[in-house]
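The values are calculated or read from the model by the stated rules, or taken from the named source; none is laboratory data. Since we're looking at a predicted model, the values are computed, not measured. Here the Cβ positions follow ideal geometry from the backbone for every residue, glycine too, while neighbour counts run over all protein chains shown.
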Amino acid sequence: MLRFLVKKMLGLFFVILGVTFITFIMGYFAPSDPIRDLMGDKFNYAIWFRMRHDYGLDLPWYQQYFNYLFNLLHFNLGTSYHFQNRAVWDILKDGVPISTELVFWGFLLQLALGIPLGIISALRYRSWVDTLNMTAMLTIYALPSFVLSVFAQMLVLQLNKVTGIQWPVSQWGTPWQYDWTDLQYKIVPILVFGAAGFAYFARLTRTSLLEVLGQDYVRTARAKGLFERVVVYRHAFRNALIPLVTVIGLSLGLLVAGSFFIEQIFNIPGIASITINSIFQRDYPVIQATTVLIAVGVVFGNLVSDILYAVVDPRIRVE
Amino acid sequence: MDAREQPAEEISSGVIAPDTALAVRSEMETSISPHEGPKARPLSTPLQESLRMLRRDSRAVASIAIILLFICVSLVGPSIYRHIGMPYKSTATNRIVAPEVYHTFDHQEQDRLDEGASAQYWLGTDALGRDLFARLMQGMLISLLVAFIVELVDIVFGVTIGMLAGYYGGWIDQCLARFTDIMFAFPGVLFVILLTGIFGSWADDHLDGIPIIGPNGNARLVLVSLGLAFTIWPLMARYVRGQTLQLKQQQFIEAARAAGTNDLHIILQHLLPNLFSIVIIASTLNISNVIIGEASISLLGLGVRPPGSSIGLMISDGTAVVTVYPWETFLPSIVLALIVLSFSFLGDSLRDAFDPRTKVS
């Protein structure tokens, strides 16, 4: 187990180095001079020179990259170009709780919907329930989340027109607070988030459960005369969960990336809208920071799922 | 006839007894079959078998029909649509406007804002008085074009590197694995957002000379396509690598090597044809992701820019007036959904038809 962990950690280190390097080098090769853009018409060579020095932009690339890594290690994501002297984290921090709240509840909903539907489909394999289920799942899985958001938005607007209620379709309430007014803002985006991803887990649960149900030990359990309920939930389902555990870690990144578009359509002030705004302000450090945060999150998610996989399935450790 | 010709060829290329015996048996079967009546089918290749399965799958046929329809409409549609309709006197400019002008995707008719469908504007107009049908066709063209470019790059890079990594292993394999790990850390279109976010304005100024994907605010499509291809090809390489590893163990490769065939010949003649099905399946399933990727980048305002048109851009234009004119958002969304669903259903059916493991069950 220790060797396994060390190997994984080394891989993680390498990947993080690569990810930060790609993010850094793109900012380094950015075609426009951010300081010059910032000064606009009031260009003054002395101030330009001093500001470049303050931002460390006059150093050679390897030194800049080293500084970048050094700052990241100290949880310093850099300084904004657009808002001078403002740390990037200061700009992002208002959006983080909102985005994490959306992703958290949306993800729970995805699991809560996806796993039972997958089980139902697998238990009625090749019946009309299964076919219907799987066609619907494939449809929902293939649809981009922003199209679902648009449909949901239009549905709510129609309902508003019919019933006369003013149910909001944009903005977000106070993060992690659940008064009725806050909930009104949050319910629709979270439902959309759940709908956009649950099909994936349903399909995965179905495939994995079907595979386990074909195993010899399930046949043995049935032959012993155990109740079907016991066979399915105690013998089959627990083993079918193994691939799910790994996928949960892997899909974390996709979840965050998927929230970008839901935030955009519903006008939610999360990290996505902050990042998009800073793109239009050519505030590269903010874009880089978001990318690095998400990428590092993905890498750690992968690590956690690898470790969990090895914990729940001892066969992995041997390899 | 085929079966009769094959043995002679095989003998001349030096394959020994067991294979010829097999070929002779198959020859006997085919020569007997006419006497057995209509029940016996002529032997068919795995490819023919798969195609037959695909033809029987109504979902796949419908998907292919929709995809072909979309391709035809987006390629031929604009040039036909431009010649349909009567000249019209604009009240805003007091000039007579011909259909060649008002049926283009970037013409703004100031006094015809947010209209419903009519004989003049088949699908209505948007908030700037542009013809929605013309914009939609242009958007579809952009989607399909990006999908085509990305898949081309994806297949060339993915197959070449995946095959080399699988066949030779060693440092190519190591590099591929590391690179894949790094690229997988950028989920979805995050890498493309970073790329277009930083280099977008540069592309606007410098890449607009490229035909079709350059002018009309489309210059960033080059970045979007390359970015998407760059993030996608490691996955293809991984599939190809896996398949190559499996094929390498098989006896026909071993036989070829024992017969003294060189590596290049083995790769081109024996490996490449056997990768066909996995490449087709993977790239069809990928196309949906690519189309969604381009649309979402344009939706964020980082891809196609006005006056150009893209399905994502149309959705984002529409959401500004969604409370009053939901049609303008609904139309591009449903078209995008149709394209994406057709490609995923087709990919799913292709997998069923070509994957030998599912064929067995």
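Which condition breaks for A:PHE75 when tested against (1) surrounded by 12 or more Cβ atoms within 10 Å (Cβ to Cβ); (2) touching a residue at least 12 places away in the same chain (Cβ under 8 Å)?
Here A:PHE75 clears every test but (1).
For segment A:39-74, which residues satisfy the criterion of being under 18 Å from A:ASP283 (Cα atoms), outside any helix (DSSP H, G or I) and hydrophobic (A, V, I, L, M, F, W, C)?
A:LEU57
Could you please tell me which pairs satisfy a Cβ distance under 8 Å, a separation of 6+ or placement on different chains, a first residue in segment B:171-186 that is facing chain A (nearest Cβ under 9 Å), and a second residue that is assigned to a helix (DSSP H, G or I) and surrounded by fewer than 15 Cβ atoms within 10 Å (Cβ to Cβ)?
Pairs that qualify, where the first residue is facing chain A (nearest Cβ under 9 Å) and the partner is assigned to a helix (DSSP H, G or I) and surrounded by fewer than 15 Cβ atoms within 10 Å (Cβ to Cβ), are B:ARG178/A:PHE14; B:ASP181/A:PHE14.
Checking A:ASN302 against (1) more than 9 Å from chain B (Cβ to nearest Cβ); (2) part of a helix (DSSP H, G or I), which test does it fail?
It is condition (1) that A:ASN302 fails.
If you take the residues of segment B:130-186 that are in a helix (DSSP H, G or I) and of a type in the set (Lys, Arg), which of them is modelled with the highest pLDDT?
If we take residues in segment B:130-186 being in a helix (DSSP H, G or I) and of a type in the set (Lys, Arg), then B:ARG135 is modelled with the highest pLDDT.
Scanning for something within 19 Å of the chain's Cα centre (by Cα) and surrounded by fewer than 17 Cβ atoms within 10 Å (Cβ to Cβ), does segment B:129-152 turn up at least one residue?
yes
Of B:SER344, B:SER309, B:SER333, which residue is touching a residue at least 60 places away in the same chain (Cβ under 8 Å) and either farther than 21 Å from A:SER259 by Cα or within 11 Å of chain A (Cβ to nearest Cβ) (or both)?
Exactly one residue qualifies, and that residue is B:SER309.
Which condition from (1) more than 16 Å from the chain's Cα centre (by Cα); (2) at the interface with another protein chain (Cβ under 7 Å from one of its Cβ atoms); (3) surrounded by fewer than 24 Cβ atoms within 10 Å (Cβ to Cβ) is the one that A:LEU254 breaks?
(1)
Test A:ARG219 against the criterion of being out of contact with any Ser or Thr (no Cβ under 8 Å at 6 or more places or on another chain), of a type in the set (D, E, K, R) and modelled with pLDDT under 85, and give yes or no.
For A:ARG219, the condition - out of contact with any Ser or Thr (no Cβ under 8 Å at 6 or more places or on another chain), of a type in the set (D, E, K, R) and modelled with pLDDT under 85 - is not met.
Filter segment B:317-361 down to residues that are at pLDDT below 85, in contact with a Gly (Cβ under 9 Å, 6 or more places away or on another chain) and part of a helix (DSSP H, G or I), then give me how many there are.
Here the count works out to 4.
Conditions: (1) under 22 Å from A:HIS74 (Cβ atoms); (2) charged (D, E, K, R); (3) surrounded by fewer than 22 Cβ atoms within 10 Å (Cβ to Cβ). A:ASP283 meets all but one. Number of the miss?
(3)
Do we find that A:ILE307 is surrounded by fewer than 18 Cβ atoms within 10 Å (Cβ to Cβ), part of a helix (DSSP H, G or I), more than 10 Å from every other protein chain (Cβ to nearest Cβ) and at pLDDT below 80 in this structure?
no
Mind checking whether some residue in segment A:113-132 is polar (S, T, N, Q) and within 12 Å of chain B (Cβ to nearest Cβ)?
For segment A:113-132, residues polar (S, T, N, Q) and within 12 Å of chain B (Cβ to nearest Cβ): present.
Kindly provide the set of residues from segment A:35-49 that are among the charged types (D, E, K, R) and surrounded by 13 or more Cβ atoms within 10 Å (Cβ to Cβ), ordered by number.
A:ASP37
Can you name the helices (runs of 4 or more DSSP H) wholly within segment A:202-282 that have at least 3 residues being under 30 Å from A:VAL147 (Cβ atoms) and touching a Pro at 6+ places or on another chain (Cβ under 8 Å)?
Qualifying helices (runs of 4 or more DSSP H): A:237-266.
For segment A:8-34, how many residues meet the condition of being within 25 Å of A:ARG282 (Cα to Cα), more than 9 Å from chain B (Cβ to nearest Cβ), surrounded by fewer than 17 Cβ atoms within 10 Å (Cβ to Cβ) and touching a helix residue (DSSP H, G or I) at 6+ places or on another chain (Cβ under 6 Å)?
The qualifying residues number 1.
Is it true that B:ILE198 is assigned to a helix (DSSP H, G or I), surrounded by 18 or more Cβ atoms within 10 Å (Cβ to Cβ) and either within 14 Å of another protein chain (Cβ to nearest Cβ) or not β-branched (Val, Ile, Thr) (or both)?
For B:ILE198, the condition - assigned to a helix (DSSP H, G or I), surrounded by 18 or more Cβ atoms within 10 Å (Cβ to Cβ) and either within 14 Å of another protein chain (Cβ to nearest Cβ) or not β-branched (Val, Ile, Thr) (or both) - is met.
Quickly run through segment B:85-115 and pick out the residues that are small (Gly, Ala, Ser) and either modelled with pLDDT of 70 or more or surrounded by fewer than 11 Cβ atoms within 10 Å (Cβ to Cβ) (or both).
B:GLY85, B:SER90, B:ALA98, listed by residue number.
Which of the residues spanning segment A:140-164 are part of a helix (DSSP H, G or I) and either free of Cβ contacts under 8 Å to residues at least 24 places away in the same chain or touching a strand residue (DSSP E or B) at 6+ places or on another chain (Cβ under 9 Å) (or both)?
A:ALA142, A:VAL147, A:PHE151, A:MET154, A:LEU155, A:LEU157, A:GLN158, A:LEU159, A:ASN160, A:LYS161, A:VAL162, A:THR163
Keeping to segment B:251-305, report how many residues are away from chain A (no Cβ under 14 Å) and either basic (Lys, Arg) or on the phi < 0 side of the Ramachandran plot (or both).
Here the count works out to 33.
Which numbered condition trips up A:ILE276, out of (1) in contact with a strand residue (DSSP E or B) (Cβ under 7 Å, 6 or more places away or on another chain); (2) at the interface with chain B (Cβ under 8 Å from one of its Cβ atoms)?
So A:ILE276 meets the others, but not (1).
Could you please find all residues in segment B:312-324 being more than 22 Å from the chain's Cα centre (by Cα) and more than 11 Å from chain A (Cβ to nearest Cβ)?
B:ASP317, B:VAL321
Before we move on, is B:ARG112 touching a strand residue (DSSP E or B) at 6+ places or on another chain (Cβ under 9 Å) and among the charged types (D, E, K, R)?
Criteria met by B:ARG112.
With respect to A:VAL296, determine if the residue is in a helix (DSSP H, G or I), more than 10 Å from chain B (Cβ to nearest Cβ) and surrounded by fewer than 23 Cβ atoms within 10 Å (Cβ to Cβ).
No.
Show the residue pairs that are 6+ apart or on different chains and have beta-carbon atoms under 8 Å apart, the first residue being within segment A:42-57 and farther than 17 Å from A:SER80 by Cβ, the second being among the aliphatic types (A, V, I, L, M) and surrounded by 11 or more Cβ atoms within 10 Å (Cβ to Cβ).
A:ILE47/A:MET39; A:TRP48/A:ILE35; A:TRP48/A:MET39
What tally of residues in segment A:115-129 results from selecting those that are in a helix (DSSP H, G or I) and more than 19 Å from A:TYR141 (Cα to Cα)?
Looking only at that region, the number is 2.
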